[in-house]
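Novice: Here it is, the structure, as structure tokens.
The values are calculated or read from the model by the stated rules, or taken from the named source; none is laboratory data. These numbers were taken from a predicted model, which means no experiment stands behind them. Note that we place each Cβ from the backbone using ideal geometry, even for glycine, and neighbour counts take in every protein chain shown.
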Amino acid sequence: MITYVDVTADTPRSRTSAIKLYGADAFEGMRRAGRIAAETLDALVPLVVPGVTTGELDDFARNAIVAAGAIPINIGYSGYAHATCISVNHVVCHGIPGAKTLMAGDILNIDLTAVIDGWHGDTSRMFLVGDVPLKAKRLVHVTYECMMLGIEQAHPGNHLGDIGHAIQRHAEKNRYGVVRDFVGHGVGLVYHDEPDVAHYGRPGTGPELRPGMMFTIEPMINIGKPGVKILDDDWTAVTRDRSLSAQFEHSIGITEQGAEIFTLSPKGLHHPPYR
Ligand code: MF3
Ligand code: CO
Ligand code: CO
């Protein structure tokens, strides 16, 4: 059974089975958190060049989030030690930043979350390093369209299945595979809250969308099959068939009018190419 709860000062700050419905102050808080997260991705754009390491990008992101007065909440999250996940080429998500040097032709996702006053701004974008083959650029472009088509379905009266369906339909029309093993999630005062937001599904199924809901939409789309496997580090997810994978993520809130995107790029750097 699906239940909803209006968030008040004494609502527990933990994941519970009820879907949280937030009020106006929460939207104000999420705008601030989302802006810091998006500004951090904006600031990374000029740094993503051949020769930089993913560890250097992570250091920059951590410092930028802290300088903005926010918490890089991924650090310490289930034992994770970095501010970002940086997922290059066939890495689907949860790539661990480190010594890896980026090369022209790579595509990568940088995913980060900034917390301010308890509000979680969770967002990711794709980046292209130097000249990138057309088939990789096409994957990145279609994945961005998938996320935005999902967001278009995010309005009161629709159901979560309408979002998943719109994403899946567009990906599969392009003969891409939609990853099933990772989903979007409720967001707000809790990082990964109810409900799960699948990036596939059937229209009219799943929880109905109500004003005050906040969640992420973060489709992972593969050029090949949907299957993923986890590397021996027990963390990094890669495509089973080693095909390229792309992802974009926004944190959004449902209003009477539709979706408000909390993590829009202030500089208009919504998708690559950024220059
Ligand atoms: N930001 C990721 C998400 O979109 C979660 C990263 S968890 C971490 O939900 F521990 F790997 F950082
Ligand atoms: Co997320
Ligand atoms: Co994220």
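Novice: Would you point out which residue out of L108, L112 is away from ligand 1 (no atom under 12 Å from the Cβ) and either touching an Asp or Glu at 6+ places or on another chain (Cβ under 7 Å) or aliphatic (A, V, I, L, M) (or both)?
Specialist: L108
Novice: Of all the residues that make up region 46-60, how many are in a helix (DSSP H, G or I) and surrounded by 18 or more Cβ atoms within 10 Å (Cβ to Cβ)?
Specialist: Within region 46-60, residues that are in a helix (DSSP H, G or I) and surrounded by 18 or more Cβ atoms within 10 Å (Cβ to Cβ) number 3.
Novice: Is there a residue being in a strand (DSSP E or B), aliphatic (A, V, I, L, M), within 16 Å of ligand 1 (Cβ to nearest atom) and out of contact with any helix residue (DSSP H, G or I) (no Cβ under 6 Å at 6 or more places or on another chain) anywhere in region 126-135?
Specialist: The answer is no; no qualifying residue exists.
Novice: Can you pull out the residues in region 233-254 that are closer than 22 Å to S265 by Cα and not polar (S, T, N, Q)?
Specialist: Across region 233-254, the qualifying residues are A246, F248, E249, H250, I252, G253, I254.
Novice: Inside region 1-17, can you point out the residues that are assigned to a strand (DSSP E or B) and either modelled with pLDDT under 95 or more than 23 Å from V115 (Cβ to Cβ) (or both)?
Specialist: Hit for region 1-17 is Y4, nothing else.
Novice: Can you find a residue that is of a type in the set (A, V, I, L, M, F, W, C), more than 16 Å from ligand 2 (Cβ to nearest atom), at pLDDT 95 or above and more than 16 Å from the chain's Cα centre (by Cα) anywhere in region 159-173?
Specialist: Yes; the residues of region 159-173 include at least one that is of a type in the set (A, V, I, L, M, F, W, C), more than 16 Å from ligand 2 (Cβ to nearest atom), at pLDDT 95 or above and more than 16 Å from the chain's Cα centre (by Cα).
Novice: On to the next question. Could you tell me whether any residue of region 72-84 is within 16 Å of ligand 2 (Cβ to nearest atom), under 18 Å from A237 (Cβ atoms) and part of a strand (DSSP E or B)?
Specialist: Yes, there is a match, as at least one residue in region 72-84 is within 16 Å of ligand 2 (Cβ to nearest atom), under 18 Å from A237 (Cβ atoms) and part of a strand (DSSP E or B).
Novice: Please specify each residue of region 216-260 satisfying the condition of being among the aliphatic types (A, V, I, L, M) and buried (at least 19 other Cβ atoms within 10 Å of the Cβ).
Specialist: Passing the criteria: I217, M220, I221, I223, V228, A237, V238, L244, A246, I252, I254, A259.
Novice: Looking at region 165-253, what strands (runs of 3 or more DSSP E) fall wholly within it and have at least 2 residues that are within 16 Å of ligand 3 (Cβ to nearest atom) and of a type in the set (S, T, N, Q)?
Specialist: Hits in region 165-253: 245-247.
Novice: Is at least one residue of region 217-231 within 14 Å of ligand 1 (Cβ to nearest atom) and over 17 Å from the mean Cα position of the chain (by Cα)?
Specialist: Checked against the condition, which is being within 14 Å of ligand 1 (Cβ to nearest atom) and over 17 Å from the mean Cα position of the chain (by Cα), region 217-231 yields at least one hit.
Novice: May I ask you to list pairs of residues, at least six apart or on different chains, whose Cβ atoms are under 6 Å apart, with the first in region 110-137 being at positive phi and the second being at pLDDT below 95 and more than 10 Å from ligand 2 (Cβ to nearest atom)?
Specialist: none
Novice: Quick one: how many residues across region 100-111 are more than 10 Å from ligand 2 (Cβ to nearest atom) and either within 16 Å of H270 (Cβ to Cβ) or among the β-branched types (V, I, T) (or both)?
Specialist: Selection size over region 100-111: 4.
Novice: Another question about this same structure. Given (1) under 16 Å from Q153 (Cα atoms); (2) within 16 Å of ligand 1 (Cβ to nearest atom); (3) not aromatic (F, W, Y), where does G204 come up short, assuming only one miss?
Specialist: (2)
Novice: Identify the single condition in (1) free of Cβ contacts under 8 Å to residues at least 24 places away in the same chain; (2) over 14 Å from the mean Cα position of the chain (by Cα) that M148 does not satisfy, given that it satisfies every other one.
Specialist: Failing condition for M148: (2).
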